[in-house]
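Take a look at the structure set out below.
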Amino acid sequence: MPWYYYLAHFFAGAFFANGVPHFVQGICGNKFQSPFASPRGVGESSAIVNVIGVFFNFVVAAFLIRFVFAPTPRPVGIAVATGLGIFAMALLLAGHFGKVRSKAPHP
């Protein structure tokens with residue numbers, strides 16, 4: 001299997017993981033940091049903005065997994081690449097939002 005399949009699945013996992021906190025906070029009606037706020041990634045956007053913005057993340061991830069490649073059974077390595085993308089983005093987001101939310105008051 002070509003190396004770029006693994007890379008595409010890694011980034012698909014990263015897009016899914018990045019979308020989860022925005023989606024969850026958005027559907028709970030909470031403001032949350034987003035790249036659309038000021039300052040970027042630190043300021044909070046409304047729940048609606050987060051849900052609309054996260055739609056992009058989910059579309060990109062689904063496109064990378066489903067439409068770039070033919071729907072065939074995936075080898076274990078592909079699942080591992082997607083999982084590593086999720087894990088890497090989850091660690092990055094946990095560190096970033098942990099720092100941001102510990103400094104500012106939030107509901």
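Taking a point 7 Å from the Cα of LYS99 along the Cα-to-Cβ direction, the residues of the stretch 4-29 with backbone N closer than 20 Å to it are 18-19, 21-22. Rounded to the nearest 20 debye, the dipole size of the chain about its Cα centre is 160 debye, using +1 on the Cβ of Lys and Arg and -1 on the Cβ of Asp and Glu. Since only PHE15, ILE78, GLY29 are under comparison, the one whose Cα sits farthest along the positive direction of the charge dipole of the chain, derived from C-beta charges on Lys, Arg, Asp and Glu, is GLY29. Given H placed on each backbone N at 1.01 Å, which residues far from VAL42 in sequence or on other chains put an amide H within less than 5 Å of it? Hits under the 5 Å cutoff: SER34.
When the Cα positions of VAL59, TYR5, PRO39 are compared along the charge dipole of the stretch 3-103, PRO39 comes out farthest toward the positive end, with charges on each C-beta of Lys, Arg, Asp and Glu.
Rg of the Cα atoms in the chain, relative to 2.2 N^0.38 Å, amounts to 1.18.
FYI, it's all coordinate maths here, none of it is from the lab. The structure presented is a predicted model; accordingly, all values stated were derived computationally and were not measured. Methodologically, a virtual Cβ is constructed for each residue, glycine included, from the backbone with ideal geometry; neighbour enumeration extends over all protein chains shown.
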